[in-house]
Every structure is written in structure tokens, then in C-alpha cells.
Amino acid sequence: MVVSIRNLTKRYGDLTALDDFSLGIGEGEVLGLLGPNGSGKTTAINCMLSLLKFERGTVELFGRPMQPDAYDIKRDIGIVMQNVAVFDELTVAENVDYFCGLYIADKRARRPLVEEAIAATGLSDFRKFYPKKLSGGLLRRLNIACGIAHKPKLIVMDEPTVGVDPQSRNNILEGILKLNAGGATVLYTSHYMEEVEQICSRIAIMDRGRVIALGTNAELKNMAGAGEKTTVEVFSADRGFLAGLREMPSVISAECANGTLLVKSARGGNCLLGVLDHLKSCGVAFGKVYSELPTLNDVFLEITGKNLRDEG
Amino acid sequence: MFGHIFINNLKALVRTKEVIFWTLLYPIALATFFFLAFGNLASAELFGTIDVVVVQDAHFERSTPLYAALSSVSDLDKDASENDVFRVALADADTAARMLDEGEVSGIISYDGGVRLTVSGSGVDQTIIKGFLDGYLQSQSTVSQIIKDNPDAIGEGLIADIADRTGYVRENTGGNPDTTVIYFYSLLAMTCLLAATVGIQETIKVQADLSPLAARNNVAPVKKFKLFLSSVSAAVLLQLVIILLVLAYVVFVLGVDFGPKTGLVLLTCALGCVTGIFFGTLVSAAVRRSEGIKYAVVISLTLLFSFLSGMMYAEMKYIVQQNVPLLAYINPVNLITDAFYALYYYDGLSRYLTNILLLGCMGAVFAALTCLILRRQKYASI
């Protein structure tokens, strides 16, 4: 195990931020830590990195206990903070070189790594720019370049895409997959389920300081009782067609509100064609129709009774 | 590693506009303001030789005592030198009146049985002439009274004693004291203490609960002490260069004379800067609050120290020294200004050395406490 966290408890006064939190990450994994804002993701990372004191529990990285002075362990860690952590007064190239220099003292050995990180994050054209002159997306990329230039074995990324444009977001996500392909183990926190689904080999869902679900994307979705969801735009004030829909064998619920019909089918079931046939037979006119598989939000909703995004 | 952190922090500090403004440009602007405001103050306090004209008539030539008195403060037979109080011209009454009208002299002294002074206005020169003549009349009256009451005293040399105008004040400074220098000393002391803000900035870079940058620094495989020492060293170097630039500006551009003890002035500046920086680092390490609160504490304490050392109310320095002497010795601002005062006003170095020793010890204590607090610090919240 690259990361082994056991029974971590962290309190801020009366608030329990981490409640018996445990997590393990194997070598070469991209583990997504998914949860709404305030669920304890950043606190878990800070405790893991020995930045925060905690009341109970153990943290082992690369099989050794993590301590503030465990410099041999720290040498193999790269961190990308939630908030951009760079010097405003140093240029892009100087920033990357500075942080890489904290890990690799030899200037000649450092130079190609700095260049590689700048190129990998698409910052080659901005190497002489000061951070204040960069857009939000470029600044996030610089934040990442500073965290990965020394080629760490474990990369911890705490919501690295908050507030960035779609182009930069794609660039960042592709970059993470490349780092993983290069051998790095990645711990990736986010409250964007799409990102986590896109890049993570395993996902841990957090709420109120605990891991409430852990598995691959498919495993988690199988935890949800519901299957496919069908949404239909209907142009009828009469709700008589709903009774027939609810009697269909694969349908577990059917609701209509504000001209939108939402039909949930049982796990593994598919009711799209049946729903449309039923509406036709009832003479209900309909417009847009779309169908979707259950999302991680549905899993979260089913376990906690609330939405991931609503909290964030 | 030390050099890598040092150079990059130095680069960052030099490029921080706020640092350059508050520690370099602001003191230079203030020094320029002082120079413009107080530039003429020193020259106004210097008294030049005063031109007077004595009406040379039969009455004056009979008045030997007046002639003798004027001779004691001027050289009636030659051109006046820098040390003479009066440059005396002898002229008839009409010429004397014309000279007064044309402003060639500040007053006319005439004698017609009694001494008379004619002036065309009021001012320092006129007051000095009047003061001199009042003194002369008082001495003459005293002598007359002694002759009347105790004629034997003449033989005992009493008259000679009364006429003797020997000064009893010994000059104790290296030169003519220039009071405006004190303003510039205060300015330099303030510049030294302003280094505390840079100290806060450098400490925040290793306090993970205060900035993401510090959190990233803390995750790196570098000892916190090394990180702190190298970035503070960069701050110290920058502040030393800045104080030298301010001093060079004050001395070479504004032409302010700091006396002959330049080396000791530089030593005081350097030690003041170092103590100022470690004052900032200690406050930053000890006050576990936000950056804004740390700055507020440093600025409030600096203002309090400055007030207690007499920067806003000169008497306060003496009040503190008389009533709470310990407070004077633990106040870094007071130690810096007092070191400057001691250099300027005293020939001996004992008072200066006391100040400088206390200041050095204070800086060392600040540095040691900072390291002790920061060492292996983990945080309850970030």
C-alpha cells in the first residue's frame, strides 16, 4: 500500500471533521475522494501529510509512519493544493524551479525536470509570466507544475480544477492520467463526480468525515437500487397516464411535475420504449426524451438522502 | 539548498512592491520631507556677528567703561572675526541714523551721560544688543554700589572679577550640535523597526496554517529551521542594503552631517534591522492568529515603543527613564534612538555600548524564541 490511513479522528472543537476515517491506496492507483464541500476531504489530506494534528489514528505512507520530519517520505510526495500556492513575485519558470529545488538540489539535474513540467502543463509560452498575469486556468496549471516537477511517486491533488475553464480542466485531467501512466499513484479529491468518474480507478465517497462507499465506478453504481432514469417532456395536464406507468414491471417510480415526467426503472431494467408506447396509447403528446444511467450522485443520494452538488 | 531558498526569497522580496515602498521609498520620502521642513532650522539657530554702530562723539570718548565693554565682545580696532558678537562701526549721529535706515546695522548705541539704544525693529539681533547693554548697565551699577559701600574691595580685585566674562560651560560634543539630526535618527530607528513587517512575511512562509505557500513548503523534504533561516537571511540582507541606501541618501544627497562616528552609526542601523526582523518573526510565531492580526500587533507595539521612547512627545523618554527605567531598557525603539543620541552627544562610548549590547541581546532572544516556537510546529487547523 502506498497510503494506509487507519481510524483517523480529527475534531475542531465540537465538530468532528474526521470520524474513524480509514483509507488505503495501492501503487499505481488513481483514487478519487468524492464528497460535498465540508465532508472532510481536505482535512483528511492535511492529516495524512502531517500538517494537522489529529486525536486518534495512524497514517503510513510507503509502509512507513508519516511524521512532520519524515523527510525521506516527503521526498516522494507531490502536493497540489486546493488554493494556488506559488510566489506572486517569481515567474512561472522560477516558481517551478524553486519548488522542484526543494526536492532536487542539483541544478543540472533539475533543469530538464522543470522544462518537462512546464511543457506538460502547457505553460511553455508563459514561462516568463508572473502569476498575476495568468488566467485562472493557467494559474491552476502552474500550481500543478510546481507540485509534480520533481516526479513524485505519490501525487496528492486537492480539488485542482476548481474555477477553471473546460479547456484547462481537460488539459489537467489528461495530465493526471499521463502522470499515472508514468507510474505515479494519485489521490484526487473533488466534488465534481464527472471528473472522478473520468479518471479514477477507484472512488471513495465521503460524508461527515467518514468513507460511506468505496469501489470502482461500476461497483458504486451497482450499490444504487435504481437503474436507468427516463425523462420525458409531456404536454398534458391530465395525470391519468401515471397509474399505468407505475404498473409496468420494470418501473419502480413515476412522477410528473412542471411538464416533466421522471420514470425510474429497477436496477438492470430498461423502460424507455415501454414508457413511450404507454404515452402514445394514452394520447399524451410529448417532446424531448432522454435516458441516463445512474450517477454517483444517485448513489450518494440513496445513502445520505441528499445531493452531492447541493452541498457543494 | 540554503542558497537556492535564499536567492529565490531574496528575488521575491526585492520584487515585492510593498516591501520596497515601506522600507525604502517611504523613509526616503520622509527624510526628504524632514530636510525640506527642518533644513533651515539649524542655520536659524546659529548666531552671526551683529552689525552695530556707535555714535562717536565727545560723550562716548569720555565713556571708558562702555568702550571697554564693547571691546570685550568685538574687536574695535580690526575687522570682526567669526567669534565676535558685534561688528562695531564708529560714526557720527547722522551717518549712524542713515546706516540704521538703510539696514546696514541692527542698532545704534549712543552715550549722552547714559547709554541709549536705537533700533528700527524687533528681532533676535536687537534683543542680543539690548541684552548686552542691560548686562553692561547692571555691571556698572554693581560696581558703583561696591565703590560706595566697600571701597576696599577695589584693591581685592573684585572689580576685575565682575568684568571677567569667562564662560563656564565646557563644550562636550564633537562639534556644533545640530538639533535636526535627531529627526533623522528617529527616522532611521523607525526604518529599522519597519523591518519587523518583513520578519512577519518570512515567518508566514513556514506557518502552514496561514498560507497555502507555507503548507507546500512544509510538505517539502526541507527542515523548517533551514527554510526559516534561509528566508530570514534573505530578509536581513535586503534590509541591510535598504538601510545603507537610506543612510547614503540622507548623508550624501541631503547633506545631513552624522558626525565622525559613521562606523558606529552603521553598526547601530545593522543591529536595529536584525532586531526589527526578529521582533517581527517572534510576533508572527507567537501570535497564532491571522496575518492581519500579526501586522496589527507589530504596528501597535512599534507605535507604543516609539511613543515611550519620545518620538511623539520628547518628554516621555525622560518620564519613562525616571519612573520605569526597566521599560526603557526593554524597549527596542528606545535602545536604537538612545544609541544614536549617545553617539551624537557623548564623547565616551559607555552609554552607546550599553544600548547596543542590550539591543543585540534582545535580537538574540527574539530569534531564539522564534525558533523554539516554530520548531516542529503542527497545527490544530489550517
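The values are calculated or read from the model by the stated rules, or taken from the named source; none is laboratory data. The structure presented is a predicted model; accordingly, all values stated were derived computationally and were not measured. Cβ sites come from the backbone with ideal geometry, for glycine too, and all protein chains shown count toward neighbours.
Here are the numbers:
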| item | result |
| --- | --- |
| Some residue of the stretch A:238-251 being buried (at least 19 other Cβ atoms within 10 Å of the Cβ), assigned to a helix (DSSP H, G or I) and either on the phi < 0 side of the Ramachandran plot or among the β-branched types (Val, Ile, Thr) (or both) | yes |
| Selected residue (criterion: surrounded by the fewest Cβ atoms within 10 Å (Cβ to Cβ)) from residues of the stretch B:81-100 that are among the acidic types (Asp, Glu) and modelled with pLDDT under 85 | B:GLU82 |
| Filtered residue count, the stretch A:3-18, keeping only those that are within 14 Å of chain B (Cβ to nearest Cβ) and in contact (Cβ under 8 Å) with a residue 40 or more places away in the chain | 6 |
| Single residue of the stretch A:118-158 satisfying the filter (within 12 Å of chain B (Cβ to nearest Cβ) and charged (D, E, K, R)) that is nearest to the chain's Cα centre (by Cα) | A:ASP158 |
| Of all residues making up the stretch A:19-44, the number that are surrounded by fewer than 18 Cβ atoms within 10 Å (Cβ to Cβ) and more than 14 Å from chain B (Cβ to nearest Cβ) | 8 |
| Options A:TYR188, A:TYR130; residue that is surrounded by 20 or more Cβ atoms within 10 Å (Cβ to Cβ) and at pLDDT 90 or above | A:TYR188 |
| Some residue of the stretch A:79-91 being small (Gly, Ala, Ser), within 24 Å of B:VAL206 (Cβ to Cβ), touching a Phe, Trp or Tyr at 6+ places or on another chain (Cβ under 9 Å) and facing another protein chain (nearest Cβ under 10 Å) | yes |
| Failed condition for A:ASP88, given (1) among the acidic types (Asp, Glu); (2) modelled with pLDDT under 95; (3) closer than 25 Å to A:ASN180 by Cβ | (3) |
| Number of the exception - A:ASN83 against (1) within 22 Å of B:ARG375 (Cβ to Cβ); (2) within 25 Å of the chain's Cα centre (by Cα); (3) polar (S, T, N, Q) | (1) |
| Residue tally, condition under 16 Å from A:THR230 (Cα atoms) and either at pLDDT 85 or above or surrounded by fewer than 16 Cβ atoms within 10 Å (Cβ to Cβ) (or both), over the stretch A:286-304 | 8 |
| Which numbered condition B:GLY103 fails, given (1) at pLDDT 80 or above; (2) of a type outside the set (Lys, Arg); (3) part of a helix (DSSP H, G or I) | (3) |
| Selection count, the stretch A:75-110, where residues are without any contact (Cβ under 8 Å) to a residue 12 or more places away in the chain and of a type in the set (Lys, Arg) | 2 |
| The stretch A:60-78, residues that are more than 8 Å from chain B (Cβ to nearest Cβ) and charged (D, E, K, R) | A:GLU60, A:ARG64, A:ASP76 |
| Residue tally, condition surrounded by fewer than 20 Cβ atoms within 10 Å (Cβ to Cβ) and at pLDDT 85 or above, over the stretch B:330-357 | 7 |
| Residue satisfying condition, being more than 30 Å from B:PHE225 (Cα to Cα), modelled with pLDDT of 75 or more and not hydrophobic (A, V, I, L, M, F, W, C), within set B:GLY174, B:GLY114, B:GLY155, B:GLY199 | B:GLY114 |
| Among (1) surrounded by fewer than 20 Cβ atoms within 10 Å (Cβ to Cβ); (2) out of contact with any Leu (no Cβ under 9 Å at 6 or more places or on another chain), the one test that B:GLU291 misses | (2) |
| Test result for B:LEU240, in contact with a Cys (Cβ under 7 Å, 6 or more places away or on another chain) and either without any contact (Cβ under 8 Å) to a residue 24 or more places away in the chain or of a type in the set (A, V, I, L, M, F, W, C) (or both) | yes |
| Residue selected from the stretch B:208-250 under the condition within 11 Å of another protein chain (Cβ to nearest Cβ) and not in a helix (DSSP H, G or I), by the criterion nearest to the chain's Cα centre (by Cα) | B:SER211 |
| Qualifying residue in the stretch A:82-89 (condition: over 24 Å from A:THR42 (Cα atoms) and of a type outside the set (Asp, Glu)) | no |
| Positions within the stretch A:96-116 being touching a Leu at 6+ places or on another chain (Cβ under 8 Å) and facing another protein chain (nearest Cβ under 9 Å), in sequence order | A:TYR98 |
| Test: residue in the stretch A:98-106 that is surrounded by 16 or more Cβ atoms within 10 Å (Cβ to Cβ), in contact with a strand residue (DSSP E or B) (Cβ under 8 Å, 6 or more places away or on another chain) and aliphatic (A, V, I, L, M) | no |
| Any chance A:GLY78 is closer than 28 Å to A:PHE129 by Cα and either over 27 Å from the mean Cα position of the chain (by Cα) or of a type in the set (A, V, I, L, M, F, W, C) (or both) | no |
| Test: residue in the stretch B:102-113 that is under 21 Å from B:ALA58 (Cα atoms), surrounded by 15 or more Cβ atoms within 10 Å (Cβ to Cβ) and out of contact with any Asp or Glu (no Cβ under 9 Å at 6 or more places or on another chain) | yes |
| Residue identified as within 20 Å of A:ASN83 (Cα to Cα) and in a helix (DSSP H, G or I) among A:ILE155, A:ILE172 | A:ILE172 |
| Test: residue in the stretch A:45-59 that is surrounded by fewer than 20 Cβ atoms within 10 Å (Cβ to Cβ), within 9 Å of chain B (Cβ to nearest Cβ) and not in a loop (DSSP other than H, G, I, E, B) | no |
